[in-house]
């Protein structure tokens with residue numbers, strides 16, 4: 001009796017080589033996690049999209065090691081939903097995340113990974129650029145003017161009426177639709193945008209904390225510090241000192257010799 005083609009998958013032992021082959025697909029953004037949401041594998045494209053230091057490994061780490069506290073909590077909650085319900089979360093629109101100064105929109109799908117007995121042992125997340133869905137989702141496209149305003153004019157006071165008008169909706173319908181499609185309110189989205197800019201400024205500039213707060217739309221420095229601590233998990237000053245300490249202890253990169 002000839003073996004079934006499916007037997008090939010059961011006999012595969014070079015899973016890592018197979019994953020490395022998938023890296024060759026342009027724009028590959030995928031990751032594998034275990035039940036504790038620890039990274040088992042992360043594609044090169046995704047590694048390049050997040051702020052990893054030279055030589056920093058991700059295997060064995062969780063989102064709490066890589067992202068601000070609030071963002072990591074959201075990722076973990078989605079992971080747990082997959083583990084509890086045993087079903088995929090397909091084409092979820094993620095809010096703009098700011099890594100390396102550029103907003104990244106992604107359509108994220110999480111699929112449970114099972115062993116041969118059917119027990120869930122982890123998950124794989126596949127992210128695709130939002131542009132792949134552009135033009136196919138009229139509802140979401142109508143929200144983009146509001147997203148654009150919040151993303152670029154984040155230091156201004158939030159005015160729901162103006163956001164709703166940009167999208168051609170009533171305030172009530174706009175708020176309901178925004179929260180359903182982006183999984184957060186416009187105010188929560190705005191704070192996320194502000195905090196990613198603030199985090200970048202705290203880490204990479206010598207500007208005063210009060211100055212950064214003002215630049216990001218917080219005109220009360222004490223309120224800014226409280227919001228920053230809630231988002232990142234530490235105060236702005238401690239965050240700056242920790243980042244400076246990490247930079248000082250990073251090994252120097254050895255550059256290849258310049259050929260004549």
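Every residue, every condition in (1) touching a strand residue (DSSP E or B) at 6+ places or on another chain (Cβ under 7 Å); (2) farther than 22 Å from residue 239 by Cα; (3) in a loop (DSSP other than H, G, I, E, B); (4) modelled with pLDDT of 85 or more, yes or no:
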residue	(1), (2), (3), (4)
1	no, yes, yes, no
10	no, yes, no, no
17	no, yes, no, no
33	yes, yes, no, yes
40	yes, yes, no, yes
55	no, no, yes, no
112	yes, yes, no, yes
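Name the residue, out of 97, 124, 93, that is in a strand (DSSP E or B), touching a strand residue (DSSP E or B) at 6+ places or on another chain (Cβ under 7 Å) and modelled with pLDDT of 70 or more.
124
Looking only at residues in segment 57-73 that are loosely packed, with under 14 Cβ neighbours inside 10 Å and assigned to a loop (DSSP other than H, G, I, E, B), which one is modelled with the lowest pLDDT?
Result: 57.
Looking at 205, 185, 222, which is the one that is closer than 20 Å to residue 92 by Cα and either free of Cβ contacts under 8 Å to residues at least 12 places away in the same chain or surrounded by fewer than 17 Cβ atoms within 10 Å (Cβ to Cβ) (or both)?
On the way: 205 fails: closer than 20 Å to residue 92 by Cα; 222 fails: closer than 20 Å to residue 92 by Cα.
Residue meeting the stated conditions: 185.
Write out, first by first residue and then by second, each pair whose Cβ atoms fall under 6 Å of each other, whose residues are 6+ apart or on separate chains, and whose first residue, in segment 12-37, is in the same structural domain as residue 91 (by TED's automatic domain parsing) while the second is part of a loop (DSSP other than H, G, I, E, B) and modelled with pLDDT of 90 or more.
Listed by first residue and then by second, the contacts come to 37/62.
The values are calculated or read from the model by the stated rules, or taken from the named source; none is laboratory data. The shown structure was predicted, so the numbers you read here are calculated from the model rather than taken from an experiment. Counting neighbours? That spans all protein chains shown, and the Cβs are built from the backbone with ideal geometry, glycine included.
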